[in-house]
Amino acid sequence: MAANGDSQTVSEYIVHHLTNLTYGKLPEGYARYDGSTVPEGGQWTLAHGADEIAAMGFNAVHVDSMLWSVGLGIIFCWLFRRVAIRATAGVPAGWVNFVEMVVEFIDGTVKDTFHGRNPLIAPLALTIFVWVFLMNLMDLIPVDLIPHSLMLAGVDYQKIVPSTDPNITMGMAIGVFVLMLFYSIKVKGFGFVRELTMNPFNHPLFIPVNLFMEVVGLLAKPFSLGLRLFGNMYAGEMIFILIAALFSVGLFWMLPAALLQIGWAIFHILVITLQAFIFMVLTIVYLSMAHEDH
């Protein structure tokens, strides 16, 4: 693969594919890749390379992750809305039948796992499962197809799998965490404070110890939720990139690389489905715990 007319080494190829299209503000006086200097007051622009992304700091936005995740969310809403309009009392067929199977599967999982009464949980579980699955599914698209096509159009960087971006996975996990806190306070009231301070040792002297242990356990939930999805999908994407790099080694590696790509893609179908299911189930479990009032 070539970037800006220059051949890439394998290391540069991997780094390029793992770099997000990032928009942010470069600080005043920063020397850019083309030799220019950022003018007074800073400059909002698209980053070119990891150094510029680091210089932009916390306020930088991963444009590709945002666009792909929002776009896939819109596709999900459009497809399921079409099914809702076309659904009838008769025997379903085709896409309608498939969507009904997915909905019934999610509904059964919620009934088996969630022990409270909340009409939000089933729609939330369905949204999480399908949305995460669609984001993961982008990993099966050949790694060079879309990024290389966009490079020809002048877009230097592009990551098309939103779930390989910790900002996306942790954003969803924090959303679930906020719902956990909201329902814990709403359902348990002051009992939520007692739960944090009087467990596992039911004695006032152990309140600091109990609070430390419970808060650490509480904060671990969103991190485990978001980082588990990110870690698995990032590793899968890395393997696809490494296999794709074999095509540049020589003709001898063409056939083995092709077979490895096909084999890993078939196995990865299970991975992307399982990761979406795990994220959904953990969300249901955490929200069920938030509704349990002892």
What is the calculated FRET efficiency for VAL61 to ALA87, with r their C-beta to C-beta distance and R₀ = 41 Å, to the nearest 0.05?
0.60
For an R0 of 25 angstrom, estimate the FRET efficiency from the Cβ-Cβ distance between LEU46 and ASP144 and round to the nearest 0.05.
0.75
Any idea how far apart VAL285 and LEU219 come out in nm if each label point goes 7 Å out from Cα toward Cβ?
2.2 nm
Using a Förster radius of 22 Å, what is the FRET efficiency between ASN97 and THR273 based on their Cβ-Cβ separation? Nearest 0.05, please.
0.75
Would you be so kind as to identify which of VAL15, PRO142, VAL103 lies farthest towards the positive end of the dipole of the chain, taking Lys and Arg as +1 and Asp and Glu as -1 on Cβ and the Cα centre as origin?
VAL103
Rounded to whole Hz and in sequence order, give me ³J(HN,Hα) for region 160-169 from the Karplus expression 6.51 cos²θ - 1.76 cosθ + 1.60, θ = phi - 60°, writing x for Gly and Pro.
9, 10, x, 6, 8, 10, x, 5, 6, 5
Dipole magnitude of region 1-81 about its Cα centre, charges +1 at Lys/Arg Cβ and -1 at Asp/Glu Cβ only, in debye to the nearest 20?
420 debye
Once the piece of chain linking ILE266 and LEU205 is laid out straight, how much longer is it, given 0.36 nm per residue of separation minus the C-alpha distance between them?
16.4 nm
Net charge (Lys, Arg +1; Asp, Glu -1) of residues whose beta-carbon lies under 11 Å from that of PRO147, PRO147 excluded, is -2
Over all Cα pairs of the chain, the Kirkwood radius sets Rh, and Rg/Rh then becomes 1.05
Which listed pairs, of LYS25/LYS221; LYS159/LYS221; LYS111/LYS159; LYS25/LYS186, have C-alpha distances above 30 Å, in listed order:
LYS25/LYS221; LYS111/LYS159; LYS25/LYS186
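Since every read-out is calculated from the coordinates, none of them should be taken as a lab result. Just so it is clear, the structure is predicted and the values come from calculations on it, not from any experiment. All Cβ positions, even for glycine, are placed from backbone atoms using ideal geometry, and neighbour counts span all protein chains on display.
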